[in-house]
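None of the figures in this text is laboratory data; all of them are computed from the coordinates on show. Small disclaimer: the values here were computed from a predicted structure and weren't measured. As a convention, Cβ positions derive from the backbone with ideal geometry for all residues, glycine included, and neighbour counts pool all protein chains shown.
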Amino acid sequence: MAFLPPRSQLRPVSAAATCVALALAGLAGCKDSSKESAAKAAHDAAQLAALVDKDVGEVERGLPEGAKRLSTAILANGADPKQDVAGVRRALLRVRRDVPDLDVAKSTFFAVADPNGVAIRNDLEEDVMAGQNLVAIFPALAKARDGYVTTVGAFPNAPSKNGPDEDWVAAVPIKRADGSTGALFVTGWTYRYFARHLAESLKDRLLDEAKAGQNDGKMPVFYVAVFDKSGVYAAPLTPAVDQKALADQDLVAKTASGPAQGTVSITDRGFGWAARRTPKLAPDTGVVVLRSEM
């Protein structure tokens, strides 16, 4: 039995001192939890970076194969695809279905443009791209006349209720029988859409871990974003305060020499973040995970 001094010898502890002690204990716990979250976010970011490479690889392999099939479908016997835009769309839908890498690609569109980069038709039911000069919007696509090219930019006047966005675009030449470039095969996705795909992949893994009893069977709070020198592009429904917190981290600079991680407090909640570059997607570009175990 513990020895207690007589009541007369007990010294009262002020309410203020008690609050300070509890606050300090809570702060220490928050810091420890945030560091744990940062370490786990680093693991998440590494897995997502590998997924980015896989996704880009699907496009890199699939586009040239698709271009070969499109050559037969829309350029045979000197045909002009501008004269049969409905046929171009049918060919695009068929090629996406028949080329395995394109069938699973995360692209939001596939399109055919003329050799100068003017869009002829995409595979979407409503085509707002037709007639746009893609080379004027994405100058690097001019090199697609000679081979596979990727670039980043933004379609003008593209509506986005989630804030500014970036477009990742890839293209290859569609060759005629004589070897000349008769058209361009173009595809791409927006960074926010791609971040949503990455977030859904991470969610599936974390749910599996929770079902297996890991992390005490609990799901952490987490957000995923793609970043580059122009900004941070989080998946839709990410709170603005969390997006700003990530933008404030200067992720491009912090990942210049390798993966980076840290902690941050957002609306009195401790988070850990981790980021790493994904050069296969684009230079100075990467993925970041913001996570909280609390």
How do the peptides 286-293, 78-85 rank, highest first, by the average count of neighbouring beta carbon atoms within 10 Å per residue?
286-293, 78-85
With Cβ to Cβ distances under 14 Å as the rule, what net charge do the other residues near Phe222 carry (K, R +1; D, E -1)?
0
Which order do His197, His43 fall in if you start with the one that has the fewest other Cβ atoms within 10 Å?
His43, His197
Just to be sure I understand, if you calculate Rg/Rh (Cα atoms, Kirkwood Rh) for this structure, which of (i) 0.93; (ii) 1.08; (iii) 1.19 do you get?
(iii)
If we count other beta carbons within 10 Å of each Cβ, what is the order of Leu75, Leu63, Leu70, fewest first?
Leu75, Leu70, Leu63
For the chain, with +1 on Lys and Arg beta carbons and -1 on Asp and Glu, the positive-most of Thr238, Ala260, Ala183 along the dipole:
Ala260
In a GNM of the chain with a 10 Å cut-off on Cα contacts, which of Asp123, Asp53, Asp268 has the highest mean-square fluctuation?
Asp268
Value at 222 nm in deg cm²/dmol, rounded to 500, when DSSP H runs of n ≥ 4 in the chain each add -39,500 (n - 2.57)
-13000 deg cm²/dmol
For a paramagnetic label modelled at 7 Å from the Cα of Arg176 toward its Cβ, which residues of region 122-152 fall within the zone defined by backbone nitrogen distances under 16 Å?
145-146
Would you work out which of Phe138, Ala76, Gly163 lies farthest towards the positive end of the dipole of region 57-190? Charges go on Cβ: Lys and Arg +1, Asp and Glu -1.
Ala76
How would you rank Asp216, Asp146, Asp55, going from fewest to most other Cβ atoms within 10 Å of each one's own Cβ?
Asp216, Asp146, Asp55
Quote the charge dipole size of the chain about the Cα centre in Debye, to the nearest 20; the model charges only the Cβ of Lys and Arg (+1) and of Asp and Glu (-1).
500
Can you compute the FRET efficiency between Asp204 and Glu126 using 1/(1 + (r/R0)^6), with r the Cβ-Cβ distance and R0 = 35 Å? Round to the nearest 0.05.
0.70
In region 143-222, which trypsin sites (Lys or Arg not before Pro) are in a loop and have at most 15 other Cβ atoms within 10 Å, using DSSP for the loop call?
Lys161, Lys218
Given a Förster radius of 35 Å and the C-beta distance between Lys143 and Lys244 as r, what FRET efficiency does 1/(1 + (r/R0)^6) yield to the nearest 0.05?
0.45
Treating only the Cβ of Lys, Arg, Asp and Glu as charged (+1, +1, -1, -1), what charge dipole size does region 224-275 show about its Cα centre? Round to the nearest 20 debye.
60
Put +1 on the Cβ of each Lys and Arg and -1 on the Cβ of each Asp and Glu in the chain; which of Val95, Ala154, Leu251 then has its Cα farthest toward the positive end of the dipole?
Leu251
Starting from the Cα-Cα distance between Asp98 and Lys280, subtract it from 0.36 nm times their residue separation and give me the gain in nm to one decimal.
63.0 nm
Built amide H within the under 5 Å cut-off of Arg121, gap 5+:
Val112
Once normalised by the length of the chain, the mean sequence separation of its alpha carbon contacts under 8 Å that are 6 or more apart gives a contact order in percent of 22
